[in-house]
1. Sorting S300, S108 on the 10 Å Cβ count, fewest up front, what's the list?
2. Can you tell me the Rg and Dmax of the stretch 120-223, counting just the alpha carbons, in angstroms?
3. Charges only on Cβ, +1 for Lys and Arg, -1 for Asp and Glu: so what's the dipole of the chain about the Cα centre, in debye to the nearest 20?
4. What does the highest-first list of 278-285, 265-272, 345-352 look like by mean Cβ count within 10 Å?
5. Among the listed pairs K14/K245; K57/K126; K209/K359; K215/K297; K215/K245; K14/K353, which are separated by more than 18 Å between their Cα atoms?
6. Taking every pair of alpha-carbon atoms in the stretch 21-69, give the share separated by more than 15 Å as a whole percent.
7. Please list, in order, the residues from the stretch 82-122 whose amide nitrogen is less than 18 Å from a point placed 7 Å along the Cα→Cβ vector of Y3.
8. When the chain is modelled as a GNM with alpha-carbon springs shorter than 10 Å, which of D84, D33, D46 fluctuates the most?
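What follows is calculated from the coordinates using simple rules that are stated; it is not laboratory data. Because the structure is a prediction, the values reported are computed rather than measured. In this analysis, Cβ positions are derived from the backbone assuming ideal geometry, glycine residues included, and neighbour counts consider all displayed protein chains.
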Amino acid sequence: ASYDMGGHDTFMHKEISEQPDAVDRVLRGRIDDRFSTVHLGGLNLDPREARTIRRIKILGCGTSYHAGLIGAGLIESMARIPADAEPASEFRYRNPVVDPDTLYIAVSQSGETYDVLAAVQELKRKGARVLGVVNVVGSAIAREADGGVYVHAGPEVCVVSTKCFTNTVVAFALLALHLGRIRDLSVTDGKRIIEGLRRLPEQISEILKLEDEIKELAAEYAGAQSMMFIGRVRGYPVALEASLKLKEISYIHAEAYPASELKHGPLALIEPALPTVAIVPDDDLLEKNRAALEEIKARSGRILAVAHQEQEKADHTIVVPKNEDELDPILMGIPLQLFAYHTALAMGRDIDKPRNLAKSVTVE
Ligand code: AGP
């Protein structure tokens, strides 16, 4: 299919800009205000079954794996079901124990990624229940799964994923809310999350207005040899995804670390030539994150913070709107998509078609 760039210079820019509408679409028709929950028509999981799930294992590759990491956090916090995410490729090759009380979830934009599909087929062969969180309707993974949630991001053309990542995380928030309300999430908390979800499109629009500021910052960082990305708990997958995005399109080497792990090794790397991007949400971990910024500053490291308020220790802070703590990761990744974009642009990269990469990896 050929798609129009709609006045944008690249598909990536177009797709970043489409996010308010895309998020609106993944929410549309699914919210049930009466019971403070969401309806997910294709889930194929009745409440009695949903109550018997003991664990959730999420499988995906690349950006979808990162969305799955945030998804696991959302499910644990809202549904209180132990959940984790693993690269589908790793899972396949380690002869995993397939447990009948575990619900498996395969995440994929294209629905055609071979490693994910092969993991799903192996799981199904062993009698596991597998759901899909997929963007492309009717794709191989969607067909193979027992049910699932469509992400409704619309067609994504740029090799690197932006709007689909955001929508996938929102789809996970819906799934977490749905499972939570079947289990122990209160009506009040359900309402709080629903209100938070409804605020997302508008808040994303607010963030997109920061583009000029982010473009200026990107010009300053464009010459870096390498960059460090840090975040804690909910912020860590945001750091992982932001570093992947930067690597993919700018070819700047980037690493992501949990902020808490800095002192266990990577602090040795910190010096003025290695800038750090820090995810600093205004939540119960704020003081801990600030302490990490201090550690970096004490070693003369340059810091770019993404936060809900100006960070004193940072050289620059991109201030984003606050949502509910659970949903903040969705918003905090967005300025860093623009950051990667403008860094790559300043370096003259071919943004929609980065070297050595394909949109979907359908071979082993
Ligand atoms: C996205 O930025 C990348 N091109 C890549 O990591 C991608 O997320 C991965 O290959 C998985 O693709 P999928 O979501 O289509 O399964």
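1. Numbers: S300 10, S108 35.
Least crowded to most crowded, the residues run S300, S108.
2. When restricted to Cα atoms, the stretch 120-223 yields Rg and Dmax of 18.1, 53 Å.
3. Numbers: 43 positive and 53 negative charges, 203 e Å.
Dipole about the Cα centre, nearest 20: 980 debye.
4. Values: 278-285: 20.9, 265-272: 13.4, 345-352: 16.2.
So the order, starting with the most tightly packed, is 278-285, 345-352, 265-272.
5. Working: K14/K245 16 Å; K57/K126 15 Å; K209/K359 28 Å; K215/K297 24 Å; K215/K245 16 Å; K14/K353 14 Å.
With Cα atoms farther than 18 Å apart: K209/K359; K215/K297.
6. Values: 798 of 1176 pairs.
Counting every Cα pair in the stretch 21-69, those more than 15 Å apart make up 68 percent.
7. Inside the label zone: 108-113.
8. Per the Cα network of the chain with a 10 Å cutoff, D46 tops the list.
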